[in-house]
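Just below is one structure, and these are the notes that go with it.
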Amino acid sequence: MILKDGTAVGSDAAFELVDRAAFIPARIWFDDENGRPQPIDRATEPARWRAAVEQDAPIVTQLDDGATVWPATSMNATSSASEPSLVRGMLDRLDVQPGHRVLEIGTGTGYNTALLCALAGEENVTSIEVDPVLADGARANLHAAGYRPTVITGDGAAGHRERAPFDRIIATCAVTAGHIPYAWAAQTIEHGTILSPWGTLFCNGVQVHLSADGRGRAQGRVVDSASFMRLRAQRGPFGHAGRLSDLIDAADVDTDTTTVSPSAVHAGPAAFAVGVQLADVQQSMAYDFDGEGTDELLLYHVPSESVATVHATADAAVTGKYPVRQLGPRRLWTEVETAHAWWLSRLEPRHTRFGLTISTTGQEIWLDEPGNVVRTWPAVAPSAT
Ligand SMILES: C[S@@+](CC[C@H](N)C(=O)[O-])C[C@H]1O[C@@H](n2cnc3c(N)ncnc32)[C@H](O)[C@@H]1O
């Protein structure tokens, strides 16, 4: 961090200097014990608002891209101030030094931007927010707190060529497997760092930490888990689970059995590895949906209208055979079984054993070493990203 007299100090001081409360709107949503966002107004409930702001927890500042207006609520958070420990962990990992040119994607409230200003110097910080209302709010918060970084209203997927190259790029929204914007690699200096949440539709998500070569290539590893809202243009096709579940329920399909437990792939270390193989497949688990101790894992792939269900019944707990039904051109559960068998055969690697390479020719995910490629995605319209 740079003090007024030009001396640099560590990130502890930056966190002491920047007051999170100054960036949190008066009207927020804060998750209750069931994970449902509940409205809180600072004007009428100052103690509750303050308690929320002081907790190490995310604070939702926008739902449904602003279409759901406080105090109405929904489950679709589209902007939030991330929990302070996550913000801190990412900034420590980004290793911002005084004078570094930094690009942030996802300004949100401006809190992380202010921390970046404290660490690198406000003249070196560029932050991009896609939502104009949020961008205006962040600018106002930053100015009130005494910081004047460059805040751009626009799509951070394009980076910001005018102020490139950057020593550090940090995204605070998640990119989808195979679609890390190529512009980020192209706009980072040699040995510069890109830190971004990354995920698949199957499993969101992790953080990737990439080092650039200054010629448009970047490579690095999965370093931690982290669940973020997605880059706006990369959101999955949502709202189809109920329809596709009804479709398979009504269909006349045979019931098969599997020895792979649905909970073994739904979450935990296998979910990430399975998700790498089934990156465009969505899943949800309905626990005990019929009151008889039966959980249902639903898998679906919207473009091909493929769907599968696996039931963890009381019988299956005894026999180890779970009923499976599959419908559509893709046999989604069969694909999961293959991916799960691969994961077992590689000694059950955790997400941090995976790495990524991105270049103009495409994006690869590998296991342990860059040569050991697990999955590739060809470059898509490099001029657009
Ligand atoms: C988790 S919030 C950011 C939190 C923020 N860093 C803070 O400290 O308050 C993610 C933000 O990314 C923004 N976002 C999503 N897609 C974007 C894009 N393509 N370009 C720029 N911002 C984007 C969202 O509007 C949202 O405000």
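The values are calculated or read from the model by the stated rules, or taken from the named source; none is laboratory data. These numbers come from a predicted model, not from an experiment. Note: ideal-geometry Cβ built from the backbone for every residue, glycine included; neighbour counts use all protein chains shown.
Spot the failing condition for residue 143; the list is (1) within 12 Å of the ligand (Cβ to nearest atom); (2) over 15 Å from residue 168 (Cβ atoms); (3) in a helix (DSSP H, G or I); (4) over 18 Å from the mean Cα position of the chain (by Cα), and only one is missed.
The single condition residue 143 does not satisfy is (1).
Only one of (1) small (Gly, Ala, Ser); (2) under 19 Å from the mean Cα position of the chain (by Cα); (3) at pLDDT 95 or above is not met by residue 51, so which one is it?
The number of the failed condition is (2).
Give me the residue from the range 209-248 that is free of Cβ contacts under 8 Å to residues at least 40 places away in the same chain and of a type in the set (Asp, Glu) and, out of that set, nearest to residue 325 (Cα to Cα).
By that ranking, first place goes to 246.
Let me spell it out: the conditions are (1) crowded, with 19+ Cβ neighbours inside 10 Å; (2) in a strand (DSSP E or B); (3) touching a helix residue (DSSP H, G or I) at 6+ places or on another chain (Cβ under 9 Å), and residue 343 meets all of them except one. Which number is the exception?
(2)
Given the conditions (1) under 24 Å from residue 375 (Cα atoms); (2) surrounded by 15 or more Cβ atoms within 10 Å (Cβ to Cβ); (3) within 25 Å of the chain's Cα centre (by Cα), report the number of the one that residue 260 does not fulfil.
(3)
Quick check on my filter: what residues within the range 230-252 are within 16 Å of the ligand (Cβ to nearest atom) and either exposed (fewer than 12 other Cβ atoms within 10 Å of the Cβ) or aliphatic (A, V, I, L, M) (or both)?
Here is the first cut: in the range 230-252, the ones within 16 Å of the ligand (Cβ to nearest atom) are 230-236, 238.
Scanning the range 230-252 gives 231, 233, 238.
Go through the range 120-137 and report how many residues are farther than 16 Å from residue 105 by Cβ and either charged (D, E, K, R) or outside the structural domain of residue 229 (by TED's automatic domain parsing) (or both).
3
What number of residues within the range 235-251 satisfy the criterion of being under 12 Å from residue 305 (Cβ atoms) and of a type in the set (Gly, Ala, Ser)?
1
If we keep just the residues of the range 179-192 that are buried (at least 23 other Cβ atoms within 10 Å of the Cβ) and within 20 Å of residue 205 (Cα to Cα), which is nearest to the ligand (Cβ to nearest atom)?
Restricting to residues being buried (at least 23 other Cβ atoms within 10 Å of the Cβ) and within 20 Å of residue 205 (Cα to Cα), the top hit is 181.
Mind checking which residues of the range 152-176 are away from the ligand (no atom under 11 Å from the Cβ) and either among the acidic types (Asp, Glu) or in contact with a strand residue (DSSP E or B) (Cβ under 7 Å, 6 or more places away or on another chain) (or both)?
The answer is 162, 163, 165, 166, 167, 168, 169, 176.
Taking the range 77-131, which residues are polar (S, T, N, Q), under 20 Å from residue 152 (Cα atoms) and away from the ligand (no atom under 14 Å from the Cβ)?
Selection gives 124 alone.
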